[in-house]
């Protein structure tokens, strides 16, 4: 078996001057707490604090970054144990799954998934061998042994990871029972929900009526009008706030914003209730609802987040057989300047409003997003999202936005992950990349070291707390 | 107070080999005269040669790069002394404004504005302390004292800056009286106008009739037909040429070019006169006028410039309260290959024609602009414009265009600035960035040092003179 | 005359750590055979094995990379000896043409053409002086002398270049007589055709009927229905396969894919036969034919290639006077996520299907292409095409795609060239650039040296053989 080593200067430039500066900047923030304002960890993990399952179920089966790469090279999802919606058999032997993964781990060389996994293996589970065909079972056993011990229970890891806040993502219809259970426990970890009402705005979806019914049930009354819908949303946001939420999240295909008249909105809502809303209707409705969400944020102070540009479930067969979030969401070109015109004009200068914008279309960073964020007080640029939460992608993000927007119109890092044990790896990688970016500026005498020290701390800790108003928001009691 | 130091190797890569080469290339061009073929300095400055006002009025209030960044972080423009159109009160104490600016100067760390200002403070005003809350008044006093001395009169600075040519930007309706006054003076600085008739082409604008009336007055007769309009434009261009102009400039939302028939053009013009022209009419009219401007350039030899892709005055409240050019112009995606098809086919191979293309959409550099400029003899790529006149942006511009178009189909640098005292800083930064770009090619043995020497001189001086035909154009007498 | 030197470490980063690693990686693959899966060399060259003509006819006149750059700086194509379609006189003295080229060779500094030419001069022809005005005739004579010797016959160069496979590009109507002649000869070089039926799918083109007639003749019967058309295409593919072909190639303006019903397809075909097909009809027809080509590839195993996004013959005067492929093909923005939706859903997960995607729109690499190739098993990303087959372009390609798709969903290199003597230069440059890219990952401890060794071999040799199934395909006998 080959030894696994993580070089202490990994991800820093080879040039000795830059590397030295990068290392010193990184060391200033390496041990700062992790603030997670946006992610997809299941709150039930921390509510029940049950032991994690064995390695394949923990690491491979829930992580579409991993299995979509194996799929792209010809492996079947069934052979990796991904459950089928129709219940037909898939591989159930976790050791077989793990071996298949290990046999193909070389595919991740040079990818962020590879970097995260090696960090997780090394630092979370104490693995000291490179994962490959030979070491597969040895490492499987080592991780499995860890998982059986109390030090690897979710809350213990949360504390060991030094997580100050962990934000989950929750449907508008979520009961937040797990969050309540965490708050009612004697454990003091801060786990807060985020309000994500997307499904209620997709009025052309076949699932919409069902979503609305669920929303009516949790709201305590049927919702028969647009007015009632708005009121129920406002109340639901208040409930989320009472449970600690500081933010909302909105995924749309394009970030089109447009205010309808009350009559227009009502008419669309009635079409939706009648089951006759078209995709064009939905586009308008979503555009209006983004305006409404912004208005509510101005009123209730919840930070609004928009994640546009993902064409979901591109592979329909995978979607039918395995469901969503299987690595087949593909980005599309995105436009912000015109699409956000109405929202920016209506709310972009409101002192009590913060809107964090994410993109999967890097061509918008320098062209649209940095200029918008460099002007409107309410706008903040979210970190390099998803396919770009990588060394190169994060570096491009800084190089494309800083000169126009500065760093202080950006929102700090978020890991956006559902893979709980990978959280430290992701924040560590980001801190290294930001330190390396700033080190280059110092080495080229664009900024000096005192600037860089303040900036690395801002990027690693201060900006995320400021953006998401985590200081203003008392820990719910 | 902290010392302000400008490292002699600033903006060069940290790698010692590249840095050494970059420094040697930079030293070859550091002291070459500044040629400014495109900018927005007020010619009245140099016509009256009156002393500059105090520091806040000189440096902050006219510079939207500065105040839009402060605005983006929540400061009110009123508190920075930006005058309101309605005359309502704004901050009038320049020391208060300067202090607010200094308190937030850290926001500019890593931005070109920060780099320019530090250069300007250091080299123009002899400041030796970093601007921050503590040093604010000390530096204010130091700059104010400079401005009161004759060495800091505009013409004295122009001479000290070693400016060979300075080009202003002037409406078609401009009288050019200030230019005449400069020519009639005993001062020999070369300050030339540039013909920018945009306002006359925006036939759907509520201001169009007023612009046309002004154009009629300055042309000496009312303009009631498209024919008369064309003739008046031709005559006006001749007047500009007689005042030293070598170029025209055209800002459009999209660079669409399309020749109308005489009848179609006349019909649009009559609709405009009747006040019924629509935005779609304007789009066609502008497309036709770009064709006409190209035709006239073929005939009179004026270099044509197109600046597309800026969505002006995105923040309508700022526009209503403070007017245009307040940092709220946001780029949009731009298309050149199809839009310039007609113009390129009609005039792109004309020996007497030069068209300089600018973009705010970097994705067009490698995809469309470099291939177009690498084919059509008339086309030249303008420097990285506006949000990209920065270390990273300029570097990307060279890396994205050189391998297809070479450097000899680019137009050299222009500073595009209205901030007169920042001119040397901008040219110096560009020369450093170009030297560093070429040094990398030398260090990687893509070119050798003799190539690089010729190229750095071309980028810093020769190409701008060639592109704008400044050698052919005698200083007006 | 100045000496021409090719630095052994050219194209590697200046940083000594990276350079050392890059050199060691490059040395592992420098001498591997050249595998050319896609190019435009005239098979007649190798069929007749006639001596190459003199230097200008070999190097300048057929290479639009060269003469379009000279044209862009104001030279006439006639003065470079490019033949006019109307037979009107052009420069015929090759020494005059060569001298003009040499006088302007400085224009290519920093371009891939410059790098390729210097490599070709040095390594193929033994030139040891820099090409410039002074050395022009000396170098002309040196190359001319080479060309007269048997060591410089095409087959001798093919063997000396260590070419394992050379693929040509051949119309569906090509007889492949030259390929047969090569196979029937006693020379064992592997030269295989590629099936490119584009012209048959452009049903709105004035040339379509003529193309169809030629296709009918070579198919042995007139083609009067869509059914007959499909059958003839299937048979023609079988013939190409019997002549060694392993791939098909498809150039489209946009990569739109959409399956028509049998009736719709037949109706379009009948409109085409009637000469009334519109551009909109052609768009649909091409979209359907891409689906048909994919279906046939699933059945016959030929690797499918799509090259979208080139606006051909942008300069219509050059096209009328000199024909196509004169350096006036300009890229346009390209969309893949939606356009390939139908094809990916129908065939993207087929085990027997490989689709290689090329792009001229770099903004699609990270946004669309890497995510698509990182999911669908059938998809492979082709190398940086055309304007991007350059140091910077290839480096950006790797930096933009590897973190999402890994390297194992890419297709290795192809030179796409018609300039036979430049083939080693292009592969050498690519191997250097890939080695340098990987060296940076090693130096930053993203991957280790053992990963990098496997990866450089994959990029230089293994992946192209795997992608194009060159191992499965026996040398035709």
Using a label position 7 Å from Cα in the Cα→Cβ direction, what is the ascending list of nm distances from residue A:28 to the same site in the other copies?
3.8, 3.8
Output the Cα-based Rg and Dmax of the range B:53-151 in Å, rounding Rg to one decimal and Dmax to a whole number.
13.1, 39
Before anything else, pin down the relative contact order of the range B:71-176: Cα pairs under 8 Å, at least 6 apart, normalised by residue count, whole percent.
16 percent
Where does the Debye-calculated log10 I(q)/I(0) of the range A:174-239 sit at q = 0.15, 0.20, 0.22, 0.27 Å⁻¹, using only Cα point scatterers of equal weight, no solvent?
-0.55, -0.84, -0.95, -1.23
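Given the peptides B:198-211, C:177-190, arrange them by the average over their residues of other C-beta atoms within 10 Å, most packed first.
Numbers: B:198-211: 17.7, C:177-190: 15.6.
Most protected by this proxy first, the peptides run B:198-211, C:177-190.
Taking a ≥ b ≥ c as the square roots of the eigenvalues of the Cα gyration tensor of the range B:222-331, is the shape rounded (a/c under 1.5), prolate (a/b larger than b/c) or oblate? Working shown, then result.
Details: a/c = 1.81, a/b = 1.27, b/c = 1.42.
Oblate is the answer for the range B:222-331, as a/c is 1.5 or above yet b/c matches or exceeds a/b.
Just want to confirm a number: the relative contact order over chain C, from Cα pairs under 8 angstrom separated by 6+ residues, in percent.
Working: 800 pairs, mean separation 99.3, N = 477.
Result for chain C is 21 percent.
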Span from the the range A:73-147 Cα centroid across to the the range C:125-151 one, whole angstrom:
58 Å
For the range A:1-96, fraction of C-alpha pairs farther apart than 20 Å, in %
64 percent
What are the extents of the Cα atoms of the range C:316-452 along their three principal axes, in Å, largest first?
54, 39, 27
Cα-based convex hull volume of the range B:307-388 per residue, rounded to whole Å³
102 Å³
On each of the three principal axes of the Cα atoms of the range C:106-248, give max minus min coordinate, whole Å, ordered largest first.
62, 39, 22
Hull-based mean projected area of the protein assembly as shown, where the convex hull spans the alpha carbons, in square nanometres
53.1 nm²
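Got a sec? How would A:318, C:218 order by Cβ neighbour count within 10 Å, fewest to most? It would help to have the intermediate numbers written out before the result.
Details: A:318 22, C:218 16.
Starting with the residue having the fewest Cβ neighbours, the order is C:218, A:318.
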Let me know the shape class of chain B, please: from the alpha-carbon gyration tensor, a ≥ b ≥ c as square roots of the eigenvalues, rounded when a/c is under 1.5, otherwise prolate if a/b is greater than b/c, or oblate.
oblate
What one gets for the range C:393-438 as the Kirkwood radius, inverse of mean 1/r over different Cα pairs in Å, is 11.5 Å
Copies compared at residue C:103 - label distances in nm, ascending, label defined 7 Å from Cα in the Cβ direction
6.6, 6.6
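Please state the relative contact order of the range B:1-96 as a whole percent: Cα pairs under 8 Å, 6+ residues apart? Numbers along the way, then the final one.
Working: 41 pairs, mean separation 14.0, N = 96.
Relative contact order of the range B:1-96: 15 percent.
If each DSSP helix of 4+ residues adds -39,500 (n - 2.57) and the sum is divided by the residues in chain B, what number results at 222 nm, nearest 500 deg cm²/dmol?
So the helix-based figure for chain B works out to -13000 deg cm²/dmol.
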What's the exposure ranking of A:24, A:149, A:297, going from fewest to most Cβ atoms within 10 Å?
A:149, A:24, A:297
May I ask you to order C:82-89, B:75-82, B:354-361 by the average number of other C-beta atoms within 10 Å around their residues, highest value first?
B:354-361, B:75-82, C:82-89
Would you mind ranking A:221, A:314 by Cβ crowding within 10 Å, fewest neighbours first?
A:221, A:314
In the protein assembly as shown, what % of DSSP beta bridges are antiparallel (nearest 5)?
10 percent
What nm distances, shortest first, do you get from the label point of residue C:242 to those in the other copies when the point sits 7 angstrom along Cα to Cβ?
8.0, 8.0
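Read the figures in this text as sums done on the coordinates, not as results from a lab. Note that the structure is a prediction, hence the values are computed from the model and not measured. Glycine also receives a Cβ, built like all others from the backbone with ideal geometry; neighbour counts cover every protein chain displayed.
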